[in-house]
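The values are calculated or read from the model by the stated rules, or taken from the named source; none is laboratory data. What you see is a predicted model; the values in this text were computed from it and never measured. Cβ coordinates were reconstructed from backbone atoms using ideal geometry, including for glycine residues, and neighbour counts include every protein chain displayed.
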Amino acid sequence: MDKKDILIVDDDPRLRKTLSDILKAKGYTPITAATGKEALDKVRQEVPALALIDLKLEDMSGLEVIRGIKECSPDTECIVITGHASQESAIEAVNLGAYSYVRKPYDMEQLLLIVRRAFEKQAAAESLRESEEKFREVSASAQDGIIMLDNEGSISFWNEAAERIFDYSAQEAMGQQLHTLLVPRSHHNNYREGFSKFQATGRGPVIGQTLEVEALKKDGTELPISISVSATKIKGKWHAIGIVRDISERKRLEREFMQAQKMEAVGRLAGGVAHDFNNLLTAIIGYSDIMLMELSDEDLLRGHVSEIKKAGASAAALTQQLLTFSRKQVIHPISLDLNAVITDLNKMLVRVIGEDVTVQTVLAADLGNVNADPFQMEQVLMNLAVNARDAMPQGGNLTIETAGVDLDAAHARARAVKMKPGPYVMLAVSDTGTGMSEEIQKYIFEPFFTTKEKGRGTGLGLSTVYGIVKQNNGFIFCNSEPGKGATFKIYLPGTEGEAEPLEKEKISLEGLAGSETVLLVEDDAAVRKLVGKILKGYGYSVLEARNGQEALDVCKQHEGPIHLMLTDAVMPGMSGRELADRIGPLCPEMKILFMSGYGENVIANFGVLESGLNFIAKPFSRESLARKVREALD
């Protein structure tokens with residue numbers, strides 16, 4: 001057909017003009033109408049070859065316009081533009097004779113493609129075959145799957161999107177009973193009952209509803225879909241039309257969101273508990289250290305105090321695991337060679353794992369570096385190794401492997417994660433143990449989830465690993481089957497630059513003492529008393545203040561130099577960083593050392609984790625405090 005005129009029916013003047021300009025540029029002759037009445041008047045005057053019709057008009061619905069156009073000119077092809085109307089209305093428009101539909105905001109290339117196909121279709125003969133082909137063209141341009149069932153429940157229509165969603169070709173699906181093809185067996189009885197009612201009345205619990213259900217793909221795996229079901233009568237019998245959408249990606253994002261919420265909840269809990277708990281543990285561990293110094297090796301109380309210190313250290317480690325899982329732990333990342341970490345830790349691993357487990361390392365030569373905290377990487381290796389040991393009660397093999405890899409977008413899609421393409425360092429820990437089922441693997445990174453008997457583990461080992469990996473912008477995956485062991489693969493972004501040494505030169509125990517003056521600012525009385533006692537024990541002169549204002553007053557009144565201010569980062573009234581900024585002009589030569597029992601998310605907001613600043617996390621031991629003070633002063 002040579003006619004290229006297109007009637008545009010839309011009450012939005014901007015859309016009318018936009019469509020007119022684009023269609024004119026493509027060689028078509030646009031005719032515009034702002035209302036349904038105007039459109040029908042123009043059709044009566046001159047029959048257009050094609051009409052683009054908005055379903056929502058001010059004076060009448062787009063469906064009425066289609067009816068009017070078809071009454072005047074059955075050969076005019078109609079394309080529905082739907083924004084506010086439902087998909088069911090768009091399907092109803094197709095049943096009235098519309099050629100296709102597009103959604104607002106629409107893809108102009110898709111719309112032009114549909115327009116071109118509509119003109120091509122006009123050249124075909126009017127027949128039943130043409131009518132069926134038209135519906136096929138409509139469905140081919142749809143993003144969602146369109147499935148039609150006859151009155152017996154057999155599939156009578158199956159579009160290209162349905163092929164992509166379920167992996168069945170139209171040839172394989174046509175004529176098959178829907179419930180034997182796509183419905184999980186556990187839902188067969190409910191399906192039969194609902195379809196029996198539909199056969200007789202065209203009604204049922206799903207008609208007119210949008211449901212989220214599990215369907216079956218060709219390979220038998222279950223797939224989450226949303227389906228909108230409507231009914232239409234053809235030759236006196238009810239047929240069902242289903243609009244299907246694959247929602248597996250949305251469900252994955254929902255699971256990730258729920259996991260993120262869970263982690264945030266644990267993080268808030270851990271952060272709230274950590275501060276007060278770490279202050280208490282600082283006092284417990286610190287006074288235990290002091291008592292152990294004062295007790296002789298033969299003193300009966302020494303064993304009791306040692307146990308108190310061990311319990312305090314265990315409690316501190318548990319707090320750190322919670323903070324690590326929730327990605328709130330204070331970290332000190334450096335350019336790190338993972339091979340060096342593994343080599344350095346290997347002897348300790350062998351002792352921890354036991355003689356019945358053979359430890360093998362396969363380390364890649366010229367492995368790139370990662371930006372990570374060495375202590376955290378040791379935690380990852382130790383936790384994965386202990387987890388592997390527990391999975392091999394009769395002994396076995398533990399393999400630690402590294403490799404440099406370049407990951408692309410295809411790999412990220414295969415893993416269903418948002419992984420930035422580029423160079424990564426891969427760390428794999430494999431065992432020959434009992435393995436895990438798919439069901440267990442869904443929960444292994446959950447905090448406090450464990451398959452071990454009561455009293456054998458906190459359920460924080462793998463969740464700690466997960467938190468560390470995420471905190472370092474990495475990814476972790478598990479591959480396991482029952483009886484076939486497990487492999488954990490960790491991918492950390494590669495970084496340029498030379499690797500830094502794992503350990504800096506430590507100050508000897510003899511060099512920890514000093515005679516300098518230290519201004520101690522701490523709002524917790526127990527911690528203030530303990531820290532003051534420790535510092536005096538090492539020879540320092542100590543000035544104490546309960547808050548920022550007291551510290552300023554002390555600084556103004558003190559005659560002589562103050563060499564170091566040791567201050568809590570988070571205090572009522574004035575933070576440690578604010579105090580440091582205000583006290584700087586009064587004592588310009590004074591060094592600053594911050595301390596805190598809060599997690600990283602809190603103290604980062606107070607600016608004490610910036611590069612170049614001295615920081616020590618609570619709880620700390622007597623010796624570690626002395627070392628940090630000496631480092632800050634020197």
Can you say whether Val213 is in contact with a Leu (Cβ under 9 Å, 6 or more places away or on another chain) and touching a residue at least 12 places away in the same chain (Cβ under 8 Å), as far as the supplied structure shows?
no
Just give me the residues in segment 68-92 being of a type in the set (A, V, I, L, M, F, W, C) and farther than 11 Å from Asp54 by Cβ, in sequence order.
Ile69, Cys72, Cys78, Ala90, Ile91
Go through segment 519-553 and give me each residue that's of a type in the set (Ser, Thr, Tyr) and in contact (Cβ under 8 Å) with a residue 60 or more places away in the chain.
Tyr538, Tyr540
So Gly62 clears everything in (1) modelled with pLDDT of 90 or more; (2) buried (at least 22 other Cβ atoms within 10 Å of the Cβ); (3) not acidic (Asp, Glu) except one condition, right? Which one?
(1)
May I ask you to list the residues in segment 498-517 that are modelled with pLDDT under 75 and either not β-branched (Val, Ile, Thr) or not in a loop (DSSP other than H, G, I, E, B) (or both)?
Ala499, Glu500, Pro501, Leu502, Glu503, Lys504, Glu505, Lys506, Ser508, Leu509, Glu510, Gly511
Can you report the number of residues in segment 356-372 which are surrounded by fewer than 13 Cβ atoms within 10 Å (Cβ to Cβ) and assigned to a strand (DSSP E or B)?
2
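From the set of residues in segment 333-352 that are over 18 Å from Leu363 (Cβ atoms) and assigned to a helix (DSSP H, G or I), which is modelled with the lowest pLDDT?
Val352
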Out of segment 158-171, which residues are without any contact (Cβ under 8 Å) to a residue 24 or more places away in the chain and surrounded by 13 or more Cβ atoms within 10 Å (Cβ to Cβ)?
Trp158, Asn159, Glu160, Glu163, Ser169, Ala170
Every residue in segment 169-206 that is hydrophobic (A, V, I, L, M, F, W, C) and farther than 20 Å from Gly220 by Cα, please.
Phe195, Phe198, Ala200, Val206
Can you find even one residue in segment 114-135 that is at pLDDT below 75 and touching a Phe, Trp or Tyr at 6+ places or on another chain (Cβ under 8 Å)?
yes
Can we say Pro421 is touching a helix residue (DSSP H, G or I) at 6+ places or on another chain (Cβ under 8 Å) and modelled with pLDDT under 75?
no
Under the condition of being of a type in the set (Ser, Thr, Tyr), at pLDDT 80 or above and part of a helix (DSSP H, G or I), which residue from segment 270-325 is nearest to the chain's Cα centre (by Cα)?
Thr282
Regarding segment 100-111, can at least one residue be identified that is of a type in the set (Phe, Trp, Tyr), in a loop (DSSP other than H, G, I, E, B) and either within 26 Å of Lys233 (Cβ to Cβ) or in contact with a helix residue (DSSP H, G or I) (Cβ under 8 Å, 6 or more places away or on another chain) (or both)?
no
Test: residue in segment 22-35 that is modelled with pLDDT of 90 or more, farther than 20 Å from Arg117 by Cβ, surrounded by 18 or more Cβ atoms within 10 Å (Cβ to Cβ) and not aliphatic (A, V, I, L, M)
yes
Restricting attention to segment 34-77, which residues are farther than 17 Å from Ala93 by Cα, touching a residue at least 40 places away in the same chain (Cβ under 8 Å) and either part of a helix (DSSP H, G or I) or within 49 Å of the chain's Cα centre (by Cα) (or both)?
Glu58
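Results for (1) modelled with pLDDT under 85; (2) out of contact with any Gly (no Cβ under 8 Å at 6 or more places or on another chain), shown as yes or no for each residue.
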position	(1), (2)
Gly435	no, no
Lys442	yes, yes
Phe449	yes, no
Ile468	yes, yes
Asn472	yes, yes
Phe477	no, yes
State all residues of segment 216-243 that are in contact (Cβ under 8 Å) with a residue 60 or more places away in the chain, more than 17 Å from Ser154 (Cβ to Cβ) and among the hydrophobic types (A, V, I, L, M, F, W, C); if no residue qualifies, say none.
Ile225, Ile243
Within segment 373-399, of all residues that are at negative phi, surrounded by fewer than 18 Cβ atoms within 10 Å (Cβ to Cβ) and not in a helix (DSSP H, G or I), the one farthest from the chain's Cα centre (by Cα) is Gln394
Can you name every residue in segment 62-106 that is within 24 Å of Lys4 (Cα to Cα) and polar (S, T, N, Q)?
Ser73, Thr76, Thr82, Ser100
